[in-house]
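*Asks:* Just passing along the structure, written as structure tokens.
Please treat every number below as a calculation from the coordinates, not as lab data. None of these values were measured; they are calculated from a predicted model. Don't worry about glycine lacking a Cβ; one is built from the backbone with ideal geometry, like all the others, and counts go over all protein chains shown.
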2 protein chains.
Amino acid sequence: MDRYHPPVKDMMFALREVVGKKDLESNPGFEDFDREFLETVYDSASEIASEIIAPTNKDGDRIGVSIKDGEVTVPKGYAEAFDAYIDGGWPTLSCNPEYGGQGMPASISMPVNEMVMAANFSWAHLVLLTNSAIRAVDAHASEELKDLYLEKLISGKFTGTMNLTEPQAGSDLSVMNTVAVPNGDCYKITGQKIFITWGEHSLSENIIHLVLARLPDAPDGVKGISLFLVPKIKLNEDRTLGERNTLKAVSVEHKLGIHGCATCVMSFEEAEGFLIGEPNQGLACMFTMMNDARIGVACESVAIAERAYQQAVNYAKDRIQGKTQSSESRVAIINHPDVRRMLLTMKSLIEIMRVMVYENTFECDLAESQPEHIKRADLLTPITKAWCSELCQDITSIALQIHGGMGYVEETGAAQHFRDARITTIYEGTTGIQANDLIGRKFIGDNGSEMNDLLNEIETEIEGSDIDIEMKTELNQAIHRAKNVSSFILENFQKDPNLPGSSSYNFVMMMGYLVGGWIAARNITAAKKGLRESDDSEFYNAKIISSSYYIEQFLPLVSSFGSSIMHGSESMMSMPDEQF
Amino acid sequence: MDRYHPPVKDMMFALREVVGKKDLESNPGFEDFDREFLETVYDSASEIASEIIAPTNKDGDRIGVSIKDGEVTVPKGYAEAFDAYIDGGWPTLSCNPEYGGQGMPASISMPVNEMVMAANFSWAHLVLLTNSAIRAVDAHASEELKDLYLEKLISGKFTGTMNLTEPQAGSDLSVMNTVAVPNGDCYKITGQKIFITWGEHSLSENIIHLVLARLPDAPDGVKGISLFLVPKIKLNEDRTLGERNTLKAVSVEHKLGIHGCATCVMSFEEAEGFLIGEPNQGLACMFTMMNDARIGVACESVAIAERAYQQAVNYAKDRIQGKTQSSESRVAIINHPDVRRMLLTMKSLIEIMRVMVYENTFECDLAESQPEHIKRADLLTPITKAWCSELCQDITSIALQIHGGMGYVEETGAAQHFRDARITTIYEGTTGIQANDLIGRKFIGDNGSEMNDLLNEIETEIEGSDIDIEMKTELNQAIHRAKNVSSFILENFQKDPNLPGSSSYNFVMMMGYLVGGWIAARNITAAKKGLRESDDSEFYNAKIISSSYYIEQFLPLVSSFGSSIMHGSESMMSMPDEQF
């Protein structure tokens, strides 16, 4: 019941749909990735994900991690999975070739990330956060620091962490108070950080902490934050491991989910650290990774949703219960229309979410060489993160629901995905933060220009898509609604300063469902092309059905989110505090 | 942070809004319940709920129940809370006066149920399932059995359980195979039952199990099921406790939530039992309680939602984070518009849900003496159960979200409500079962007649309600949409036999949001009356705001659920099994 099979065919379909449409060869970095090569890569990743990593998932949840005297103990199988993963060279896929990476575009490595996260979500945080640390070091650290640390991080000998949050400084980093005092060519870092994923463990030789802290003369607020590299074990001159740095994990959190992931409270006491980038530019350094990390969470959302979906499908095909109108004998519950509705809801949403993640990642890849793609990548990111993570809640909840009473029993495993998923709308910026980022910085801050371009592009693509006329009409109505809502916000946010904040959630969800409709139309078009050009008609017909189902069942929500926005902020802001 | 204050004022508003509008005094059984008396009752219940029961909630979750050699251990404080509750006479409120009950209408006791469930949801299952058992015995057992057991059950000396489910027989009871063999004036019951809430414990002197089983000559399927009363400890001739019956709890489930509730696997080995009602009429006996139990789960949903809401409000008022457009200094997060949106969403939905529960219960009360109310009560029940329990998922999830990263840490307490709530869409009939009951038995089976009456009544009441013209227009559009959808289903279910099953979920949710809109309009009308007639303008103004917010934000969903239904069942049913 608890097996996981990466949906390589679906991943390939999604990737080709996204990358292919933009004339693949013209995109620097994509020339070498033909279908056959990618299939080989993904099949190989699929094997390690399903055979080696996935079997560690259940014990990871059931037994979880624990801490004693600053040492973190991890569940059985974690070390073997980690060794197999780094021995296979998987962490290096999209890293810098100068330091041992393979230099693939991020969109090419995204399916591998999805597999790893679906296989064991808790475990996967270790390799994926290390990847974020690698990007930060690669983009901002001095040549000397890169030379000392990057190769070890990329190879997986060292792992990395991100130390942002403090108890009083969650979404609001301006009041952070960890300090960094200059001391020769390094700094002494002192402070406490919370929610540090894999802040301590012994799976790798060393842990490289990236820590936000304040210099003594730093300005107040977010403009006075700098970024430091703080190794768990200091390096000797000859690069061998030296003495232990003065930092430690003081506890691990007891969480709703991701029990197999060490979420640490870290204490730094004059720990030796090295400045990354310019003084007081720490937040900017972090922000270069923000798009990545946020799309990463969207990809996680697809991954957990897919894992939960697979378990629900297996259960629905096995569990015999009740009869249907057309059968005299008892049937597997997949034959009950409402169970089918739940399965198709999951399948349809997951397929759309996956394309959205790849699309956004592809725009980031393009942006590296073609700056005109930066705005598009930036606009899509909060939509992708918020929408995919919110839907992930619904999907993992539906998967549990399909199991009935058994879903509520922990041994079944459905509850784990539901609990694990719950973090995705919270970390790397809550849904509220994404919503504010979209409506404030990306939409109003841009005077609606990039949004307008996106909506026009969607309109043009729908016009040229190979879908039936009723669907075109529904999609055009949805686009029209989104345009009206956009104009309404741009026209009214100055008179009604609470309008953006009060409608931000509805706005990001509306845009998510609309972009989903665009993707559904593209999927249908690509699937019809596939039907004509290949003999895999079952697969392509299924894609047409699941994407059509999206347009029928979920596109209508564009209109209801839009209606909600058009009511303005009055009711919301007029409730006095004491009446809550 | 983990305190609970029953919202007595909101409960009174909801109850008066429901009961008052139908000319209170003309309803048999309601003559004695004036405002002052009810306030005294509820304030007194409020004290025991908040002071004695609520403090046991967190340990109930953290420590939970355990079993060893068939004995169940419960968390500290459970016994004291139970004793205080029965000593206060609270279980007797709506029970039969012939056996020591106080004979109040169920709608009068519903606010007390809500308080108890919000105070400690796991613990409350014990007293509320006992209440269900009492109703079954009272309605169907022989005078002799009633005489032996009812007074003890009502007084709380004995507690009761419902034994329906077996591993192979969940939602489909037809394949149940526990057997009952006649043996003199009693029966020998043999079989295994699962998911038996409070199947074992030592809080009461005795446990009375109501067990569904088959007689040796019983017909196949649900027409061959009989109901038996099976005491844990047999009674001597003089009614004192005698020897232990041959039944035991063999394990307790390890569940996602309600850790403080003993969900047992029960084993019966030729246990002595007594027939309740006629042979082979067991399911009918159970069904007389079904409305009750389902509305009970809806009430639970209100209760957990309210508890989660109160915790979120407290957190939002305490947690300082970030600035707003209008403030220079850092503010409590309740000042951020998106946090306010979440709080108002919770408040607004909970208030509507509460009225829906009372409305449905009141129709059941009326149905006892006025049979013309039976159809209305039956029509509302699946809507109330499905809609309230589904919204409870959203509300407890939002409450967790408001806590940000802290919400994901178990110690905060928000996660408990989220986990506890997850059972409500599953037990006493899943949302899918409710949806099928509504569209099949209650709507199509009735040829839409009672639904039509309800929609017309809503239309008339909206016309006469004291709300502004835009709201009337929106509500009328929603009614119009519901009427169209209803006609569409009635016209097409014969040509498209999968239409009811495939649209049942959308139908029950659409009806939930529409009935919610009706209630919102009634709340506004009642609040405006309250504004004119009393000086509590803050309270009534807040009611107007929260109900208006419902109409603005959630009524648009009637249209989108309707659109989804009008697309028919084709996409859904055409997906081949192997493509899932």
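*Asks:* Below 15 Å, Cα to Cα, which aspartates and glutamates can B:Lys495 reach? Residues fewer than 8 away in the same chain don't count.
*Replies:* Filter leaves B:Glu570.
*Asks:* Here is a follow-up. Order the peptides B:377-386, A:481-490 from the highest to the lowest mean number of other Cβ atoms within 10 Å of their residues.
*Replies:* Going by the mean number of other Cβ atoms within 10 Å, highest first, we get B:377-386, A:481-490.
*Asks:* Take every residue in peptide A:333-339, count the Cβ atoms of other chains within 10 Å of its Cβ, and give the average of those counts. Provide the component values of the computation, followed by the final result.
*Replies:* Values: counts 4, 2, 2, 4, 15, 14, 3.
Whole-number average of other-chain Cβ neighbours for A:333-339 is 6.
*Asks:* Moving on to the next point. Please tell me the relative contact order of the range A:438-580 in percent, rounded to the nearest whole number, where contacts are Cα pairs under 8 Å and at least six residues apart. Kindly include the intermediate steps, with their values, before the conclusion.
*Replies:* Values: 131 pairs, mean separation 44.0, N = 143.
This gives 31 percent for the range A:438-580.
*Asks:* Could you tell me which of rounded, prolate or oblate describes the range A:388-522, using a ≥ b ≥ c as the square roots of the eigenvalues of the alpha-carbon gyration tensor, with rounded for a/c under 1.5 and, failing that, prolate when a/b is larger than b/c and oblate otherwise?
*Replies:* On the way: a/c = 2.97, a/b = 1.46, b/c = 2.04.
Oblate, because a/c is 1.5 or more while a/b does not exceed b/c.
*Asks:* Continuing with this model, one more query. Set the Förster distance to 30 Å, then compute FRET efficiency between B:Ser487 and A:Asn484 from the Cβ-Cβ distance, nearest 0.05.
*Replies:* Details: r = 30 Å, r/R0 = 1.00.
That pair, B:Ser487 with A:Asn484, gives E of 0.50.
*Asks:* Next question. Amide H to amide H under 5 Å from B:Leu235: which residues, 5+ apart in sequence or cross-chain, H placed 1.01 Å off N in plane?
*Replies:* B:Gly242
*Asks:* Using a label position 7 Å from Cα in the Cα→Cβ direction, what is the ascending list of nm distances from A:Glu98 to the same site in the other copies?
*Replies:* Ordered by distance, the counterparts are at 9.1 nm.
*Asks:* Also, quick follow-up: At a Förster radius of 51 Å, what calculated FRET efficiency corresponds to the Cβ-Cβ distance of B:Asn476 and A:Arg532, to the nearest 0.05?
*Replies:* So, using R0 = 51 Å, E works out to roughly 0.60.
*Asks:* For A:Val175, put the label point 7 Å out on the Cα→Cβ axis and report which residues of the range B:322-350 keep their amide N under 11 Å from it.
*Replies:* Residues passing the 11 Å test: B:322-323, B:329-333.
*Asks:* Between B and A, which B residue has the Cβ nearest their rotation axis, distance in Å?
*Replies:* Whole-Å result, nearest residue of chain B to the axis: B:Ser560, 2.
*Asks:* Where the only charges are on Cβ atoms (+1 Lys, Arg; -1 Asp, Glu), what is the dipole of the range A:430-574 about its Cα centre, to the nearest 20 debye? Walk me through the numbers on the way to the answer.
*Replies:* Details: 11 positive and 20 negative charges, 63 e Å.
Roughly 300 debye for the range A:430-574.
*Asks:* Could you tell me which of rounded, prolate or oblate describes the range A:240-284, using a ≥ b ≥ c as the square roots of the eigenvalues of the alpha-carbon gyration tensor, with rounded for a/c under 1.5 and, failing that, prolate when a/b is larger than b/c and oblate otherwise? Show your work: numbers first, answer last.
*Replies:* On the way: a/c = 2.53, a/b = 1.45, b/c = 1.74.
Because a/c hits 1.5 or more and a/b fails to exceed b/c, the range A:240-284 counts as oblate.
*Asks:* While we're looking at this one, here's another question. Could you put A:Val250, B:Val18 in order, starting from the residue whose Cβ has the fewest other Cβ atoms within 10 Å? Intermediate values should be presented prior to the final figure.
*Replies:* Values: A:Val250 14, B:Val18 24.
The most exposed by this proxy come first: A:Val250, B:Val18.
*Asks:* Rounded, prolate or oblate for the range B:1-152? Axes are the square roots of the Cα gyration tensor eigenvalues, ordered a ≥ b ≥ c, and the cut-off for rounded is a/c under 1.5. Walk me through the intermediate numbers first.
*Replies:* Numbers: a/c = 2.53, a/b = 1.22, b/c = 2.08.
Oblate, since a/c reaches 1.5 and b/c is not below a/b.
*Asks:* What is the order of A:Phe287, A:Phe493, fewest Cβ neighbours within 10 Å to most? Spell out each step's value before the answer.
*Replies:* Working: A:Phe287 11, A:Phe493 19.
Ordered by Cβ neighbours within 10 Å, fewest first: A:Phe287, A:Phe493.
*Asks:* What does the structure give for A:414-421 when I average, per residue, the other chain Cβ atoms found within 10 Å of the residue Cβ? Kindly include the intermediate steps, with their values, before the conclusion.
*Replies:* Working: counts 1, 6, 1, 0, 4, 6, 0, 0.
Across A:414-421, the average partner-chain Cβ count within 10 Å equals 2.
*Asks:* Which aspartates and glutamates, if any, have their Cα less than 13 Å from the Cα of A:Lys76, not counting same-chain residues under 8 positions apart?
*Replies:* Within the straight-line limit of under 13 Å, A:Lys76 reaches these aspartates and glutamates: A:Asp59, A:Asp61.
*Asks:* Among DSSP beta bridges lying fully in the protein assembly as shown, give the percent that are antiparallel, nearest 5. Present the calculation step by step, with values, prior to reporting the outcome.
*Replies:* Working: 70 of 84 bridges.
Of those bridges, close to 85 percent are antiparallel.
*Asks:* I'd like to compare B:89-101, A:327-339: which one has the highest average count of other Cβ atoms within 10 Å, and what's the full order after that? Spell out each step's value before the answer.
*Replies:* Details: B:89-101: 19.4, A:327-339: 17.8.
The peptides rank, most packed first, as B:89-101, A:327-339.
*Asks:* Sequence-distant or interchain residues sharing an amide H contact under 5 Å with B:Met162, placed H: which?
*Replies:* B:Thr197, B:Leu210
*Asks:* Still on this structure, I have one more. Excluding residues fewer than 8 places away in the same chain, name every one of the lysines whose C-alpha is closer than 19 Å to that of B:Lys543.
*Replies:* B:Lys9, B:Lys21, B:Lys347, B:Lys472, B:Lys528, B:Lys529
*Asks:* Another one. When DSSP beta bridges are limited to those with both residues in the range B:130-243, what percentage is antiparallel, rounded to the nearest 5? Display every interim value, and only then the final one.
*Replies:* On the way: 13 of 20 bridges.
In the range B:130-243, DSSP labels about 65 percent of beta bridges as antiparallel.
*Asks:* Shifting gears a bit: What is the distance in Å between the Cα centroid of the range A:222-268 and that of the range B:133-180?
*Replies:* 58 Å
*Asks:* Provide the packing ranking of B:251-264, A:120-133, i.e. peptides ordered by the mean count of other C-beta atoms within 10 Å per residue, highest first. All intermediate terms of the calculation are to be shown ahead of the outcome.
*Replies:* Values: B:251-264: 23.1, A:120-133: 25.2.
In descending order of packing, they fall as A:120-133, B:251-264.
*Asks:* Sort out for me the Cα centre separation of the range A:527-554 from the range B:304-369, rounded to whole Å.
*Replies:* The range A:527-554 and the range B:304-369 have Cα centres separated by 42 Å.
*Asks:* So, one more: May I ask you to derive the FRET efficiency for B:Ser66 and A:Leu145 from their Cβ-Cβ distance with R0 = 51 Å, giving the value to the nearest 0.05? Walk me through the numbers on the way to the answer.
*Replies:* Numbers: r = 53 Å, r/R0 = 1.03.
Once the sixth-power term is evaluated, E becomes 0.45.
*Asks:* Grab the other residues whose beta carbon is less than 13 angstrom from that of A:Met266, score K and R as +1, D and E as -1, and report the net. Mind showing how you got there, number by number?
*Replies:* Details: positive: A:Lys193, A:Lys232, A:Lys248; negative: A:Glu166, A:Glu200, A:Glu253, A:Glu269.
Around A:Met266, the charge tally is -1.
*Asks:* Still on this model: Just checking the output field for B:564-571: average partner chain Cβ neighbours within 10 Å of each residue's Cβ?
*Replies:* Working: counts 8, 2, 2, 8, 1, 3, 4, 12.
The mean count of partner-chain Cβ atoms within 10 Å per residue comes to 5.
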